[in-house]
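Remarks on the structure that follows.
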Amino acid sequence: MAIARKTISTGLTLGATVVTLSTIAVTSLGIHSRGQALFEESPKELIDEVWQVINRQYVDGTFNQVDWQAVRREYLNKSYTNKQEAYKSIREMLKKLEDPYTRFMDPQEFKSMQVDTSGELTGIGIQIGLDEKTKKLTVIAPIDDTPASRAGLLAKDIILKINGKSTEGMDTNAAVALIRGEPGTQVKLTILRNNQQKEFTITRARIEIHPVEYSLKESPAGKIGYIRLKQFSANASKEMRDAIKNLENKQVTGYILDLRSNPGGLLFSSVEIARMWMDKGGIVSTIDRRGEVEKEVANGRALTNKPLVVLVDKGSASASEILSGALQDNKRAVVVGSQTFGKGLVQSVRPLGDGSGLAVTIAKYHTPSGKDINKHGINPDIIVDLNDKQRQDLWLNERDKIGTLADPQFAKAVEVLGKEIAAQDSRADKN
């Protein structure tokens with residue numbers, strides 16, 4: 001799951017219940033001994049704290065047609081002898097909302113959820129969520145060059161079993177607890193893909209992630225800059241800035257920004273990166289249950305105005321959809337590839353009194369033109385679909401072809417960029 005800059009208590013998360021399967025240290029949680037003492041005296045204190053947060057912040061003022069006051073009476077009238085009973089009741093209470101993205105995490109689950117800002121993870125390297133319609137545990141995207149991606153997992157894969165245990169009715173917290181583990185140990189996943197079951201045995205590892213890769217490419221249109229952004233982590237903005245500046249110094253004529261299989265990440269990172277490409281225009285709007293809109297806009301500090309093509313696919317989610325949607329709506333870039341994943345909900349992540357945590361859906365986000373990404377995703381300007389076999393061959397078996405003319409989506413992006421460069425040159429000549 002993505003969390004915002006500063007503290008978790010005010011963090012904004014993007015997309016579905018997106019969980020990085022990793023074991024990470026927790027910092028700056030703001031957990032107070034008074035809250036712990038209150039909880040030890042009465043588990044009901046924690047139950048009521050969760051209820052109050054939902055009551056104040058949940059995105060739907062009708063609580064998805066649930067009588068939320070009655071829910072409070074029901075669960076506070078029960079007797080609790082230990083915190084495990086309270087945790088169970090909280091999960092039951094939240095389940096009534098039928099929102100897989102609003103969820104409770106016990107202290108260990110909360111620690112495991114956090115994004116490690118150093119970029120080092122321990123796990124298999126996938127991000128998962130519950131599909132809104134089917135409620136099935138689904139792969140958002142495997143993180144590039146990790147055990148999951150090397151094993152051949154793909155976006156939209158449905159996880160049927162973990163180590164032989166059915167995921168039917170399982171929430172993401174329970175799934176994460178089963179999938180994560182020490183480096184060198186293995187986990188077996190049973191996947192449903194195109195109505196066929198597949199078995200994957202994956203060895204967990206310690207994963208160091210550098211979010212940005214870039215290179216200079218020669219093309220018929222001259223030198224172009226190719227930048228691949230793998231996820232919107234805390235250091236993605238700095239690495240993106242360095243990449244653009246380096247390529248500008250090499251006098252490239254245009255850029256291809258590759259967001260394929262990028263499952264998203266930090267809201268502030270997507271906004272900062274959008275500002276590197278856009279001098280003006282809106283970036284994203286978040287809308288809460290009162291209909292209040294908070295807008296992020298460009299700040300006139302773009303690093304380049306050269307032609308840009310953005311590559312997306314069905315593994316591009318959340319912050320990737322914010323960035324590609326902003327560039328598309330402002331006509332700053334041509335978007336090429338496949339329809340994106342379609343995750344447009346914003347969550348607030350906050351610590352609770354006993355060290356546990358709560359993720360609450362507090363808003364949805366729209367592109368500058370008002371498109372609700374959560375219902376549909378981003379439609380490319382130019383569609384170049386790959387079937388599952390083509391995607392697996394490219395991203396698993398023939399990775400050296402990614403970002404080359406043997407990569408069909410990249411090849412189309414080069415062709416489109418060439419036309420955009422020629423059009424910009426023509427306009428410059430007329431002026």
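The values are calculated or read from the model by the stated rules, or taken from the named source; none is laboratory data. These figures come from a predicted structure and were not determined experimentally. Methodologically, a virtual Cβ is constructed for each residue, glycine included, from the backbone with ideal geometry; neighbour enumeration extends over all protein chains shown.
Let's see how each residue does on (1) within 27 Å of ILE207 (Cβ to Cβ); (2) among the aromatic types (Phe, Trp, Tyr); (3) modelled with pLDDT of 90 or more:
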{"site": "THR17", "(1), (2), (3)": "yes, no, no"}
{"site": "VAL26", "(1), (2), (3)": "yes, no, no"}
{"site": "LEU38", "(1), (2), (3)": "no, no, no"}
{"site": "TRP51", "(1), (2), (3)": "no, yes, yes"}
{"site": "VAL59", "(1), (2), (3)": "no, no, yes"}
{"site": "PHE63", "(1), (2), (3)": "no, yes, yes"}
{"site": "ARG72", "(1), (2), (3)": "no, no, yes"}
{"site": "SER89", "(1), (2), (3)": "no, no, yes"}
{"site": "MET105", "(1), (2), (3)": "yes, no, yes"}
Residues of the stretch 246-265 that turn out to be in a loop (DSSP other than H, G, I, E, B) and farther than 21 Å from GLN339 by Cα, as a count: 4
Residues (surrounded by 21 or more Cβ atoms within 10 Å (Cβ to Cβ), of a type outside the set (A, V, I, L, M, F, W, C) and either at positive phi or at pLDDT 85 or above (or both)) located in the stretch 107-137: GLY123, GLY125
Failed item in (1) out of contact with any Pro (no Cβ under 9 Å at 6 or more places or on another chain); (2) surrounded by fewer than 24 Cβ atoms within 10 Å (Cβ to Cβ); (3) assigned to a helix (DSSP H, G or I), with ILE322 passing the rest: (2)
Considering residues of the stretch 214-232 that are modelled with pLDDT under 95 and part of a strand (DSSP E or B) only, the residue surrounded by the most Cβ atoms within 10 Å (Cβ to Cβ): PHE232
Residue in the stretch 238-245 that is part of a loop (DSSP other than H, G, I, E, B), under 24 Å from PRO380 (Cα atoms) and not small (Gly, Ala, Ser) present: no
Leading residue by the ranking (surrounded by the fewest Cβ atoms within 10 Å (Cβ to Cβ)) among those in the stretch 233-248 that are touching a Pro at 6+ places or on another chain (Cβ under 7 Å) and within 13 Å of GLY264 (Cα to Cα): SER233
Whichever residue in the stretch 57-90 is touching a strand residue (DSSP E or B) at 6+ places or on another chain (Cβ under 9 Å) and assigned to a helix (DSSP H, G or I) and, among such residues, is surrounded by the fewest Cβ atoms within 10 Å (Cβ to Cβ): GLN57
Qualifying positions in the stretch 288-319 - part of a strand (DSSP E or B) and surrounded by 20 or more Cβ atoms within 10 Å (Cβ to Cβ): GLU296, LEU308, VAL309, VAL310, LEU311, VAL312
PHE341 vs. criteria over 30 Å from LYS44 (Cβ atoms), touching a residue at least 60 places away in the same chain (Cβ under 8 Å) and in a loop (DSSP other than H, G, I, E, B): yes
Criterion (of a type in the set (A, V, I, L, M) and within 20 Å of the chain's Cα centre (by Cα)) met by exactly one of ILE244, ILE283, ILE256: ILE283
Count of residues meeting criterion [within 28 Å of ASP313 (Cβ to Cβ) and either at pLDDT below 90 or in contact with a helix residue (DSSP H, G or I) (Cβ under 6 Å, 6 or more places away or on another chain) (or both)] in the stretch 179-191: 2
Only listed residue being at pLDDT below 90 and surrounded by fewer than 19 Cβ atoms within 10 Å (Cβ to Cβ), chosen from ASP385, ASP429: ASP429
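Residues are listed down the side, and each one gets a yes or a no for (1) basic (Lys, Arg); (2) modelled with pLDDT of 95 or more; (3) outside any loop (DSSP other than H, G, I, E, B); (4) crowded, with 16+ Cβ neighbours inside 10 Å:
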residue	(1), (2), (3), (4)
GLN328	no, yes, yes, yes
VAL346	no, no, yes, yes
GLY353	no, no, no, yes
LYS364	yes, no, yes, yes
PRO380	no, yes, no, yes
PHE410	no, yes, yes, yes
LEU178 without any contact (Cβ under 8 Å) to a residue 60 or more places away in the chain and assigned to a strand (DSSP E or B): no
